[in-house]
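Here the structure comes first, spelled out in structure tokens, and everything after it is commentary.
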Amino acid sequence: MVMGEVPEEVDIAVIGGGVGGYTAAIRAAELGKSVALIEKEKLGGHCLNYACIPSKTLIHISNIAYDAMHSQKFGINAENVTVDARKMLEWRMGVSEKLERGVAFLCKQNKIDVLKGAATFIEKNRIQVTDGTEVIFKNAIIATGSVPSALKGMEFNGRNIIDYKQALMMDRIPKSMAIIGAGYVSVEIGTLYAKLGSNVSIIARSDVLSKFDREAVSIIKSRMQGIGIKIYANAEVKAYSGEKLMLGSGDTVDAEIVVVAVGLSPYTDGMSLDTAGVELDNKGFIRVNEKLQTSNPDIYAIGDVIGEPMLAHKSMRQGVVAAEAAAGLGSTYNNLVIPAVIFSDPEIAIAGSVEETNGIKVKKFPLSALGRAIALDSTSGFAKIAYDSENVVTGIEVVSPDANAMIAEAALAIEMGATLEDIADTIHPHPTYSESIKEVAEAALGRPIHFFYG
Ligand SMILES: Cc1cc2nc3c(=O)[nH]c(=O)nc-3n(C[C@H](O)[C@H](O)[C@H](O)COP(=O)(O)OP(=O)(O)OC[C@H]3O[C@@H](n4cnc5c(N)ncnc54)[C@H](O)[C@@H]3O)c2cc1C
């Protein structure tokens, strides 16, 4: 603040203009609150600028290139398919810029004051922004997200040891790429670069997607291997030099570029949370209650900075809840499921759990029995449904093309307490992959149509 300047007073100050933060700001403004949204970098945060949107943009482009080169069985013979990596990057950056401008437009229309700078608490109800503004608030919502976790001995150097952000901003396709880490980020980045022609290796401390259903993962792994990705399971990195990564096993892996993707860490640097009376848990996440209030009841926190799962749609939902709670509507964050999608090949999407446990049964329907999957030569996959003794659906998993678009049905069904009958008797359009969810519900009821269970 310039000496003598009056601090800005608002009902709600939102720190962090990512998907969680801007959603909270818009919802608060809709409720008639005066709102300041403080962002130190780019509106849209990691999701729009560095993570979700860029990765899915590049995955789409890699699929076009790969399919063009591998569609002879459909009678398509494309010769000399080449990828112009600079042009690809131009498109990917253009998408983020367009979305960032869209968020700025929405903020403007909702009369949200966007402040460009980093926020630090200087009192329990005051923020200093690096642009010089001081903000006094009735309520604050912290939505500062996460940053790529570092790996000791493999420090990011911005050149050949890089994080996911840089991996999604390359203007060339490296000859070889080793990805350390085997979560969904590694699978998505590895698959896309392999399809673009890189020689990709994945170095997993245990195994690829170790927290996911093994039956789903085995389909993904065999596809990854089919497109040339080498997977080193139970592996440990020893050293990196001369474009070679040395593993504890003695294996040597070609790696012009090493991507370290070993997870995301909550980001609260430089915020002086102790001044605001906001406490962290032992992993560095901000602690919140069901209303998303921190240990300072006037301050809320949402998104990646409060813990797993670190997913954009979770942040957005929490943004709505926190804004409504701060505006006095009494909203609580009580969703039953947070669907998750891995944009692998084929995609894995899950809502709830499909683990067979006490009182929970699970049924599976294979894509090999689905008309659309046969037509499109994508029969490696399935739909699984989990249900209780009263046929109430508790989980659905789909391993399939378009799984991303199908899983919202599953989330809605579970949130509404739908039964197997509700799903089986709902007309699903034909021929679509979504029919696999209906088919598996019918099978669980003992009345399968397109698969003979014997
Ligand atoms: C490669 C990759 C792909 C992903 N794909 C998906 C996907 O397909 N679907 C999905 O749901 N999730 C995906 N995610 C996860 C998703 O990106 C995050 O869950 C999401 O971005 C979290 O949103 P957020 O609002 O909590 O934080 P962020 O989007 O990280 O936003 C936080 C913002 O706060 C700002 N900030 C931080 N500190 C301050 C400060 N002191 N003052 C002012 N501003 C500050 C930052 O600059 C940033 O813009 C992916 C992640 C990665 C790494």
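The values are calculated or read from the model by the stated rules, or taken from the named source; none is laboratory data. Source: prediction; values computed, not measured. So basically every Cβ, Gly included, is an ideal-geometry build from the backbone, and we count neighbours across all protein chains shown.
Annotation note: of I286, I306, I302, I338, the sole residue that is surrounded by fewer than 19 Cβ atoms within 10 Å (Cβ to Cβ), within 12 Å of the ligand (Cβ to nearest atom) and of a type in the set (A, V, I, L, M, F, W, C) is I338. Take A216 and tell me if it is in contact with an Asp or Glu (Cβ under 9 Å, 6 or more places away or on another chain) and in a helix (DSSP H, G or I). The answer is yes for A216.
Scanning segment 264-283 for residues that are surrounded by fewer than 15 Cβ atoms within 10 Å (Cβ to Cβ) and within 24 Å of the chain's Cα centre (by Cα), we see that the one that is nearest to the ligand (Cβ to nearest atom) is D269. Which of the numbered conditions does A325 fail, given that it passes all the others? Conditions: (1) crowded, with 19+ Cβ neighbours inside 10 Å; (2) within 16 Å of the ligand (Cβ to nearest atom); (3) not charged (D, E, K, R). That leaves (2) as the condition not met. Within the option set K40, K33, being over 28 Å from L196 (Cβ atoms), surrounded by fewer than 21 Cβ atoms within 10 Å (Cβ to Cβ) and either among the aromatic types (F, W, Y) or out of contact with any strand residue (DSSP E or B) (no Cβ under 7 Å at 6 or more places or on another chain) (or both) holds for one residue only, K40. Residues in segment 5-30 that are among the aliphatic types (A, V, I, L, M) and crowded, with 21+ Cβ neighbours inside 10 Å: V10, I12, A13, V14, I15, V19, A24, A25, I26, A28, A29.
Cβ-Cβ contacts under 6 Å between residues 6 or more apart (or on different chains), taken from a first residue in segment 271-289 that is within 18 Å of K124 (Cβ to Cβ) to a second residue that is of a type in the set (F, W, Y), are listed as S272/F121; T275/F121; A276/F121. Scanning segment 251-307 for residues that are of a type in the set (D, E, K, R), in a loop (DSSP other than H, G, I, E, B) and not assigned by TED's automatic domain parsing to the domain that holds A25 yields D251, E256. Can you tell me which residue is farthest from N63 (Cα to Cα) among those in segment 175-192 that are surrounded by 24 or more Cβ atoms within 10 Å (Cβ to Cβ) and more than 13 Å from the ligand (Cβ to nearest atom)? This residue is I180. Can you spot a residue in segment 374-384 that is β-branched (V, I, T), touching a strand residue (DSSP E or B) at 6+ places or on another chain (Cβ under 9 Å) and closer than 27 Å to S55 by Cβ? Checked against the condition, which is being β-branched (V, I, T), touching a strand residue (DSSP E or B) at 6+ places or on another chain (Cβ under 9 Å) and closer than 27 Å to S55 by Cβ, segment 374-384 yields at least one hit. Pick from segment 341-354 the residues that are in contact with a strand residue (DSSP E or B) (Cβ under 8 Å, 6 or more places away or on another chain) and near the ligand (Cβ under 10 Å from one of its atoms): which of them is farthest from I219 (Cα to Cα)? Once the filter is applied, the top-ranked residue is V341.
Each row is one residue, and each column tells you yes or no for (1) part of a helix (DSSP H, G or I); (2) surrounded by fewer than 22 Cβ atoms within 10 Å (Cβ to Cβ).
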| residue | (1), (2) |
| --- | --- |
| G359 | no, yes |
| K384 | no, no |
| A405 | yes, yes |
| A411 | yes, yes |
| I427 | no, yes |
| T432 | no, yes |
| K438 | yes, no |
| A441 | yes, no |
| G454 | no, yes |
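Filtered by the rule that a residue be away from the ligand (no atom under 14 Å from the Cβ) and more than 17 Å from Y22 (Cβ to Cβ), segment 100-125 gives E123, K124, N125. Out of K165, K195, one residue alone is part of a helix (DSSP H, G or I) and within 11 Å of the ligand (Cβ to nearest atom). It is K165.
Exactly one residue out of E243, E236 is outside the structural domain of V135 (by TED's automatic domain parsing) and at positive phi: that is E243. Close Cβ contacts (under 6 Å, 6 or more residues apart or on different chains) running from residues in segment 374-388 that are without any contact (Cβ under 8 Å) to a residue 24 or more places away in the chain to residues that are of a type in the set (S, T, N, Q) comprise T379/S368.
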